[in-house]
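The values are calculated or read from the model by the stated rules, or taken from the named source; none is laboratory data. No experiment lies behind these values; they were computed from the predicted model shown. Cβ atoms come from the backbone with ideal geometry, glycine included; neighbour counts cover every protein chain shown. Please note that ligands, DNA and RNA were not included when accessible areas were found on the heavy atoms of the full protein model with its side chains. Shrake-Rupley method; radii C 1.70, N 1.55, O 1.52, S 1.80 Å.
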Amino acid sequence: MTQPAPRKPFMDVLSGEAQPIPPIWMMRQAGRYLPEYRDLRAKAGSFLNLCFTPEYAAEVTLQPIRRFNFDAAIIFSDILVIPHALGRAVRFEAGEGPQLDPLDTPAKIQALATEADFTTLEPVYEALRRVRAELAPEIALIGFCGAPWTVATYMIAGHGTPDQAPARLFAYREPDVFAQLIDRLVEASIGYLVGQLAAGADVLQIFDTWAGVLPPAEFERWSIEPTRRIVEGVRAKVPGAKIIGFPRGAGALLPSYAARTGVNGVSIDWAAEPSFIRDHVQNRVAVQGNLDPLALIAGGAALDRAVDDILANYGKGRLIFNLGHGIQPQTPIAHVERMVARVRGSNSGVR
Ligand code: CP3
(Lines give C-alpha, C1' and ligand atoms only; values in the text may rest on other atoms or scores of the structure.)
Protein backbone atom coordinates (compact mmCIF):
# COMPACT_ATOMS: atom_id res chain seq x y z
CA MET A 1 0.00 0.00 0.00
CA THR A 2 1.33 3.47 -0.80
CA GLN A 3 1.64 5.95 2.04
CA PRO A 4 -0.40 9.15 1.78
CA ALA A 5 1.79 12.12 0.84
CA PRO A 6 3.02 13.97 3.98
CA ARG A 7 1.26 17.25 4.61
CA LYS A 8 2.94 20.51 3.79
CA PRO A 9 1.95 23.14 6.40
CA PHE A 10 2.82 25.83 3.86
CA MET A 11 0.32 24.46 1.32
CA ASP A 12 -2.30 23.95 4.03
CA VAL A 13 -2.23 27.68 4.84
CA LEU A 14 -2.78 28.50 1.16
CA SER A 15 -5.67 26.04 1.11
CA GLY A 16 -7.33 27.99 3.91
CA GLU A 17 -6.15 26.21 7.08
CA ALA A 18 -4.38 28.43 9.61
CA GLN A 19 -1.52 26.59 11.38
CA PRO A 20 -0.77 26.79 15.13
CA ILE A 21 2.88 27.52 14.22
CA PRO A 22 3.00 29.51 10.99
CA PRO A 23 5.21 28.10 8.23
CA ILE A 24 8.24 30.31 7.62
CA TRP A 25 10.64 31.19 4.80
CA MET A 26 12.40 34.42 3.74
CA MET A 27 12.31 36.37 0.51
CA ARG A 28 15.82 36.22 -1.03
CA GLN A 29 16.73 33.46 1.43
CA ALA A 30 19.49 32.24 -0.91
CA GLY A 31 21.95 35.07 -1.14
CA ARG A 32 24.99 37.02 -0.09
CA TYR A 33 24.42 36.90 3.70
CA LEU A 34 25.41 33.19 3.45
CA PRO A 35 29.14 32.39 3.06
CA GLU A 36 28.32 29.16 1.19
CA TYR A 37 26.34 31.25 -1.35
CA ARG A 38 29.25 33.66 -1.81
CA ASP A 39 31.59 30.73 -2.46
CA LEU A 40 29.42 29.22 -5.18
CA ARG A 41 28.67 32.66 -6.64
CA ALA A 42 32.43 33.22 -7.02
CA LYS A 43 32.87 29.77 -8.59
CA ALA A 44 30.03 30.40 -11.07
CA GLY A 45 31.63 33.63 -12.29
CA SER A 46 28.54 35.44 -13.49
CA PHE A 47 25.17 35.66 -11.75
CA LEU A 48 23.37 34.28 -14.81
CA ASN A 49 25.74 31.34 -14.94
CA LEU A 50 24.73 30.61 -11.34
CA CYS A 51 21.05 30.77 -12.36
CA PHE A 52 21.46 28.68 -15.51
CA THR A 53 23.74 25.89 -14.19
CA PRO A 54 21.21 23.45 -12.69
CA GLU A 55 23.73 21.89 -10.30
CA TYR A 56 24.64 25.31 -8.85
CA ALA A 57 21.10 26.71 -8.81
CA ALA A 58 19.81 23.60 -7.02
CA GLU A 59 22.63 23.80 -4.49
CA VAL A 60 22.06 27.48 -3.55
CA THR A 61 18.31 26.83 -3.35
CA LEU A 62 18.95 24.12 -0.74
CA GLN A 63 21.58 26.02 1.30
CA PRO A 64 19.11 28.03 3.45
CA ILE A 65 16.95 24.92 3.96
CA ARG A 66 19.89 23.00 5.41
CA ARG A 67 20.74 25.84 7.77
CA PHE A 68 17.29 26.92 8.93
CA ASN A 69 14.91 24.08 8.05
CA PHE A 70 12.48 26.53 6.46
CA ASP A 71 9.02 25.31 5.41
CA ALA A 72 9.58 26.38 1.81
CA ALA A 73 12.45 26.55 -0.67
CA ILE A 74 12.32 29.09 -3.50
CA ILE A 75 14.02 28.10 -6.73
CA PHE A 76 17.15 30.16 -7.31
CA SER A 77 16.69 32.30 -10.41
CA ASP A 78 15.73 35.91 -11.14
CA ILE A 79 12.71 37.78 -12.46
CA LEU A 80 14.86 39.05 -15.35
CA VAL A 81 15.27 35.61 -16.97
CA ILE A 82 12.03 36.42 -18.85
CA PRO A 83 13.49 39.46 -20.67
CA HIS A 84 16.51 37.25 -21.34
CA ALA A 85 14.22 34.60 -22.93
CA LEU A 86 12.61 37.41 -24.99
CA GLY A 87 16.03 38.18 -26.46
CA ARG A 88 16.99 41.16 -24.24
CA ALA A 89 20.51 40.58 -22.92
CA VAL A 90 20.70 40.96 -19.12
CA ARG A 91 23.95 41.60 -17.25
CA PHE A 92 24.46 41.73 -13.52
CA GLU A 93 27.41 43.97 -12.71
CA ALA A 94 28.85 43.65 -9.20
CA GLY A 95 27.35 46.30 -6.91
CA GLU A 96 25.25 47.86 -9.69
CA GLY A 97 22.28 45.56 -10.00
CA PRO A 98 20.87 44.38 -13.31
CA GLN A 99 21.67 46.12 -16.61
CA LEU A 100 19.71 45.69 -19.86
CA ASP A 101 19.68 47.60 -23.13
CA PRO A 102 16.86 50.11 -22.56
CA LEU A 103 13.63 49.27 -24.40
CA ASP A 104 12.67 52.93 -24.59
CA THR A 105 10.99 53.57 -27.94
CA PRO A 106 7.74 52.26 -29.48
CA ALA A 107 9.76 50.83 -32.39
CA LYS A 108 11.95 48.77 -30.05
CA ILE A 109 8.91 47.36 -28.25
CA GLN A 110 7.18 46.51 -31.51
CA ALA A 111 10.34 44.68 -32.65
CA LEU A 112 10.45 42.55 -29.48
CA ALA A 113 10.15 38.77 -29.93
CA THR A 114 6.48 37.77 -29.83
CA GLU A 115 7.28 34.57 -27.97
CA ALA A 116 9.80 33.71 -25.29
CA ASP A 117 12.47 31.14 -26.16
CA PHE A 118 11.61 28.62 -23.46
CA THR A 119 14.66 26.49 -24.23
CA THR A 120 16.77 29.15 -22.47
CA LEU A 121 14.69 28.48 -19.32
CA GLU A 122 15.20 24.70 -19.42
CA PRO A 123 18.07 24.90 -16.86
CA VAL A 124 15.61 26.45 -14.36
CA TYR A 125 13.25 23.50 -14.87
CA GLU A 126 16.13 21.07 -14.45
CA ALA A 127 17.16 22.83 -11.21
CA LEU A 128 13.56 22.48 -9.96
CA ARG A 129 13.58 18.73 -10.70
CA ARG A 130 16.85 18.34 -8.81
CA VAL A 131 15.65 20.32 -5.80
CA ARG A 132 12.34 18.45 -5.63
CA ALA A 133 14.22 15.14 -5.66
CA GLU A 134 16.34 16.21 -2.67
CA LEU A 135 13.83 18.20 -0.68
CA ALA A 136 11.95 16.60 2.23
CA PRO A 137 8.33 16.03 1.14
CA GLU A 138 6.85 18.28 3.83
CA ILE A 139 8.78 21.30 2.48
CA ALA A 140 7.09 23.28 -0.29
CA LEU A 141 8.98 24.28 -3.43
CA ILE A 142 8.18 27.76 -4.75
CA GLY A 143 8.52 28.74 -8.40
CA PHE A 144 8.27 32.41 -9.34
CA CYS A 145 8.27 35.18 -11.89
CA GLY A 146 8.18 38.95 -11.82
CA ALA A 147 4.85 40.65 -12.44
CA PRO A 148 4.69 42.20 -15.93
CA TRP A 149 4.70 45.76 -14.55
CA THR A 150 7.86 45.24 -12.47
CA VAL A 151 9.68 43.37 -15.25
CA ALA A 152 8.69 46.10 -17.73
CA THR A 153 10.13 48.80 -15.46
CA TYR A 154 13.58 47.19 -15.71
CA MET A 155 13.24 46.52 -19.45
CA ILE A 156 12.32 50.13 -20.24
CA ALA A 157 14.88 51.89 -18.04
CA GLY A 158 17.54 49.21 -18.53
CA HIS A 159 18.26 49.25 -14.78
CA GLY A 160 16.64 49.91 -11.42
CA THR A 161 15.84 53.52 -10.48
CA PRO A 162 14.51 55.02 -7.21
CA ASP A 163 10.93 55.38 -8.51
CA GLN A 164 10.90 53.65 -11.93
CA ALA A 165 10.01 56.98 -13.56
CA PRO A 166 11.09 55.91 -17.09
CA ALA A 167 8.43 53.15 -17.30
CA ARG A 168 5.76 55.32 -15.65
CA LEU A 169 6.39 58.10 -18.17
CA PHE A 170 6.39 55.64 -21.05
CA ALA A 171 3.07 54.13 -19.91
CA TYR A 172 1.47 57.63 -19.78
CA ARG A 173 2.83 58.68 -23.16
CA GLU A 174 2.38 55.43 -25.10
CA PRO A 175 -0.26 53.38 -23.28
CA ASP A 176 -1.13 51.21 -26.29
CA VAL A 177 2.47 50.27 -27.03
CA PHE A 178 3.10 49.74 -23.33
CA ALA A 179 0.08 47.41 -23.25
CA GLN A 180 1.71 45.34 -26.03
CA LEU A 181 4.80 44.89 -23.86
CA ILE A 182 2.64 43.89 -20.88
CA ASP A 183 0.74 41.40 -23.08
CA ARG A 184 3.97 39.70 -24.16
CA LEU A 185 5.11 39.49 -20.56
CA VAL A 186 1.75 38.02 -19.49
CA GLU A 187 2.02 35.28 -22.13
CA ALA A 188 5.69 34.51 -21.40
CA SER A 189 5.00 34.42 -17.64
CA ILE A 190 2.11 31.97 -18.01
CA GLY A 191 4.30 29.60 -20.05
CA TYR A 192 7.19 29.94 -17.62
CA LEU A 193 5.06 29.37 -14.51
CA VAL A 194 3.28 26.35 -16.01
CA GLY A 195 6.72 24.95 -16.93
CA GLN A 196 7.87 25.43 -13.32
CA LEU A 197 4.83 23.55 -11.97
CA ALA A 198 5.49 20.72 -14.44
CA ALA A 199 9.10 20.56 -13.22
CA GLY A 200 8.11 20.13 -9.57
CA ALA A 201 7.14 23.52 -8.09
CA ASP A 202 4.26 23.18 -5.59
CA VAL A 203 3.31 26.84 -5.54
CA LEU A 204 4.13 30.07 -7.39
CA GLN A 205 4.93 33.62 -6.32
CA ILE A 206 4.51 36.68 -8.54
CA PHE A 207 6.82 39.54 -7.45
CA ASP A 208 5.45 43.02 -8.16
CA THR A 209 8.20 44.89 -6.38
CA TRP A 210 7.32 48.23 -8.02
CA ALA A 211 3.51 48.08 -7.69
CA GLY A 212 3.59 50.81 -5.02
CA VAL A 213 4.69 53.60 -7.38
CA LEU A 214 1.42 53.43 -9.34
CA PRO A 215 -1.66 55.62 -8.73
CA PRO A 216 -4.90 53.61 -8.27
CA ALA A 217 -6.07 53.64 -11.91
CA GLU A 218 -2.63 52.64 -13.20
CA PHE A 219 -2.31 50.03 -10.44
CA GLU A 220 -5.58 48.54 -11.67
CA ARG A 221 -4.46 48.48 -15.31
CA TRP A 222 -0.78 47.55 -15.01
CA SER A 223 -0.60 45.48 -11.80
CA ILE A 224 -3.99 43.91 -10.96
CA GLU A 225 -5.21 43.13 -14.48
CA PRO A 226 -2.02 41.49 -15.86
CA THR A 227 -1.63 39.51 -12.63
CA ARG A 228 -5.27 38.38 -12.87
CA ARG A 229 -4.64 37.21 -16.44
CA ILE A 230 -1.56 35.26 -15.38
CA VAL A 231 -3.47 33.56 -12.53
CA GLU A 232 -6.30 32.69 -14.92
CA GLY A 233 -3.91 31.50 -17.65
CA VAL A 234 -1.91 29.27 -15.28
CA ARG A 235 -5.09 27.75 -13.80
CA ALA A 236 -6.47 27.08 -17.30
CA LYS A 237 -3.51 24.68 -17.68
CA VAL A 238 -3.11 23.60 -14.04
CA PRO A 239 -6.50 23.81 -12.30
CA GLY A 240 -6.26 24.81 -8.66
CA ALA A 241 -2.64 26.03 -8.93
CA LYS A 242 -1.68 27.88 -5.74
CA ILE A 243 -0.31 31.38 -6.29
CA ILE A 244 0.97 34.13 -3.96
CA GLY A 245 1.17 37.76 -5.10
CA PHE A 246 3.54 40.43 -3.73
CA PRO A 247 2.37 43.89 -4.75
CA ARG A 248 4.97 45.75 -2.67
CA GLY A 249 3.81 49.11 -1.38
CA ALA A 250 0.19 48.62 -2.53
CA GLY A 251 -1.16 49.80 0.86
CA ALA A 252 -4.85 50.66 0.68
CA LEU A 253 -5.08 48.93 -2.72
CA LEU A 254 -4.24 45.50 -1.24
CA PRO A 255 -7.88 44.44 -0.70
CA SER A 256 -8.81 44.95 -4.33
CA TYR A 257 -5.59 43.19 -5.42
CA ALA A 258 -6.54 40.22 -3.19
CA ALA A 259 -10.12 40.16 -4.42
CA ARG A 260 -9.55 40.72 -8.13
CA THR A 261 -6.35 38.82 -9.03
CA GLY A 262 -7.55 35.46 -7.69
CA VAL A 263 -4.32 34.76 -5.76
CA ASN A 264 -4.43 32.42 -2.74
CA GLY A 265 -2.06 34.54 -0.68
CA VAL A 266 -0.80 38.11 -0.55
CA SER A 267 2.69 39.00 0.64
CA ILE A 268 2.65 42.27 2.59
CA ASP A 269 5.45 44.73 3.33
CA TRP A 270 6.21 45.99 6.83
CA ALA A 271 4.25 49.24 6.48
CA ALA A 272 0.92 47.37 6.34
CA GLU A 273 -1.60 48.30 9.07
CA PRO A 274 -2.59 45.13 10.97
CA SER A 275 -6.31 45.63 11.62
CA PHE A 276 -6.85 46.81 8.04
CA ILE A 277 -5.02 43.75 6.69
CA ARG A 278 -6.90 41.37 9.01
CA ASP A 279 -10.31 42.78 8.09
CA HIS A 280 -9.81 43.30 4.37
CA VAL A 281 -7.09 40.90 3.17
CA GLN A 282 -6.62 38.02 5.64
CA ASN A 283 -10.41 37.54 5.74
CA ARG A 284 -10.16 36.50 2.09
CA VAL A 285 -6.69 35.01 1.44
CA ALA A 286 -3.56 33.93 3.31
CA VAL A 287 -1.20 36.68 4.39
CA GLN A 288 2.57 36.36 4.08
CA GLY A 289 5.01 38.66 5.82
CA ASN A 290 5.99 41.07 7.08
CA LEU A 291 9.08 41.55 9.24
CA ASP A 292 11.11 44.68 8.49
CA PRO A 293 14.45 43.37 7.11
CA LEU A 294 16.15 46.08 9.20
CA ALA A 295 14.70 44.59 12.42
CA LEU A 296 16.40 41.35 11.36
CA ILE A 297 19.71 43.20 10.96
CA ALA A 298 19.25 44.91 14.35
CA GLY A 299 18.52 41.66 16.19
CA GLY A 300 18.11 41.44 19.99
CA ALA A 301 15.04 42.81 21.74
CA ALA A 302 13.95 44.84 18.69
CA LEU A 303 13.83 41.67 16.59
CA ASP A 304 11.99 39.71 19.29
CA ARG A 305 9.38 42.46 19.58
CA ALA A 306 8.90 42.65 15.83
CA VAL A 307 8.45 38.86 15.58
CA ASP A 308 5.98 38.85 18.50
CA ASP A 309 3.98 41.68 16.94
CA ILE A 310 3.54 39.74 13.69
CA LEU A 311 2.46 36.59 15.54
CA ALA A 312 0.02 38.63 17.66
CA ASN A 313 -1.35 40.59 14.72
CA TYR A 314 -1.78 37.79 12.20
CA GLY A 315 -1.05 34.47 13.95
CA LYS A 316 -4.67 33.51 14.60
CA GLY A 317 -5.47 33.55 10.89
CA ARG A 318 -3.84 32.18 7.76
CA LEU A 319 -0.22 33.33 8.12
CA ILE A 320 3.03 32.46 6.37
CA PHE A 321 5.81 34.14 8.35
CA ASN A 322 8.23 36.04 6.11
CA LEU A 323 10.02 39.35 5.72
CA GLY A 324 8.33 42.41 4.23
CA HIS A 325 10.98 42.37 1.46
CA GLY A 326 14.25 40.52 0.75
CA ILE A 327 16.89 39.81 3.39
CA GLN A 328 19.87 42.16 3.09
CA PRO A 329 23.45 40.95 2.62
CA GLN A 330 24.72 42.39 5.94
CA THR A 331 22.20 40.39 8.02
CA PRO A 332 23.89 38.23 10.71
CA ILE A 333 23.08 34.52 10.38
CA ALA A 334 22.55 34.29 14.16
CA HIS A 335 19.66 36.75 13.86
CA VAL A 336 17.95 34.53 11.30
CA GLU A 337 18.35 31.58 13.69
CA ARG A 338 16.90 33.66 16.53
CA MET A 339 13.89 34.67 14.40
CA VAL A 340 13.17 31.07 13.35
CA ALA A 341 13.44 29.80 16.94
CA ARG A 342 11.11 32.51 18.19
CA VAL A 343 8.48 31.88 15.52
CA ARG A 344 8.52 28.14 16.22
CA GLY A 345 8.65 28.51 19.99
CA SER A 346 12.00 28.31 21.81
CA ASN A 347 11.95 24.53 22.42
CA SER A 348 10.22 23.45 19.24
CA GLY A 349 12.88 23.98 16.58
CA VAL A 350 11.56 20.78 15.03
CA ARG A 351 7.88 20.60 14.33
O1 CP3 B 1 14.52 34.52 -3.03
C2 CP3 B 1 15.44 33.74 -3.40
O3 CP3 B 1 16.29 33.28 -2.63
C4 CP3 B 1 15.44 33.31 -4.86
C5 CP3 B 1 16.20 34.10 -5.73
C6 CP3 B 1 15.76 35.47 -6.21
C7 CP3 B 1 16.71 36.39 -6.72
N8 CP3 B 1 16.04 37.46 -7.24
C9 CP3 B 1 18.17 36.18 -6.70
C10 CP3 B 1 19.06 37.36 -6.81
C11 CP3 B 1 14.50 36.06 -6.37
C12 CP3 B 1 13.13 35.52 -5.95
C13 CP3 B 1 14.69 37.30 -7.03
C14 CP3 B 1 13.60 38.19 -7.43
C15 CP3 B 1 13.90 39.53 -7.94
N16 CP3 B 1 14.94 39.91 -8.75
C17 CP3 B 1 13.08 40.67 -7.73
C18 CP3 B 1 11.76 40.68 -6.98
C19 CP3 B 1 11.92 40.55 -5.51
C20 CP3 B 1 12.57 41.74 -4.83
O21 CP3 B 1 13.56 41.50 -4.14
O22 CP3 B 1 12.07 42.86 -4.97
C23 CP3 B 1 13.68 41.76 -8.39
C24 CP3 B 1 13.17 43.18 -8.43
C25 CP3 B 1 14.84 41.27 -9.05
C26 CP3 B 1 15.80 42.02 -9.93
C27 CP3 B 1 17.16 42.05 -9.34
N28 CP3 B 1 18.02 40.97 -9.28
C29 CP3 B 1 17.78 43.15 -8.72
C30 CP3 B 1 17.20 44.54 -8.57
C31 CP3 B 1 19.06 42.71 -8.32
C32 CP3 B 1 20.15 43.56 -7.69
C33 CP3 B 1 19.88 43.83 -6.26
C34 CP3 B 1 20.69 42.92 -5.40
O35 CP3 B 1 20.12 42.40 -4.43
O36 CP3 B 1 21.87 42.76 -5.70
C37 CP3 B 1 19.16 41.34 -8.64
C38 CP3 B 1 20.31 40.44 -8.37
C39 CP3 B 1 20.04 39.23 -7.53
N40 CP3 B 1 18.99 38.39 -7.70
C41 CP3 B 1 20.88 38.73 -6.50
C42 CP3 B 1 20.26 37.56 -6.03
C43 CP3 B 1 20.77 36.63 -4.96
C44 CP3 B 1 22.19 39.34 -6.03
C45 CP3 B 1 23.23 39.17 -7.10
C46 CP3 B 1 24.49 38.49 -6.67
O47 CP3 B 1 24.49 37.52 -5.89
O48 CP3 B 1 25.52 38.92 -7.18
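Among Val203, Val213, the order of accessible area from largest down is Val213, Val203, computed with a 1.4 Å probe on protein heavy atoms. To put it simply, the accessible area of the range 45-163 at a 1.4 Å probe is 52 percent carbon and sulfur. Once all protein chains are placed together, His325 keeps about 60 Å² accessible to a 1.4 angstrom probe. Take Glu115: with every protein chain present and a 1.4 Å probe, its accessible area is about 150 Å². The convex hull of the Cα atoms of the chain, projected and averaged over all directions, covers 17.0 nm². Of the whole protein surface, Asp101 contributes about 80 Å² of accessible area at a 1.4 Å probe radius. Qualifying GluC sites (Glu not before Pro) in the range 48-113, where qualification requires a DSSP coil assignment and no more than 10 other C-beta atoms within 10 Å, comprise Glu96. Across Glu337, Glu36, the residue with the most accessible area heads the list, and the full order at a 1.4 Å probe is Glu337, Glu36.
Computed per residue of the chain from DSSP H runs no shorter than four, each worth -39500 (n - 2.57), the mean residue ellipticity at 222 nm is -13500 deg cm²/dmol.
Using the Cβ of Pro54 as centre and a radius below 11 Å, the other residues enclosed give a net charge of -2, where K and R count +1 and D and E count -1. Seen from every direction in turn and averaged, the convex hull around the alpha carbons of the range 24-102 projects onto 5.5 nm².
When you filter the trypsin sites (Lys or Arg not before Pro) in the range 70-124 for DSSP loop state and at most 14 other Cβ atoms inside 10 Å of their Cβ, nothing is left. The aspartates and glutamates whose alpha-carbon is closer than 13 Å to the alpha-carbon of Lys8, local same-chain residues fewer than 8 away aside, are Glu17, Asp71, Glu138, Asp202.
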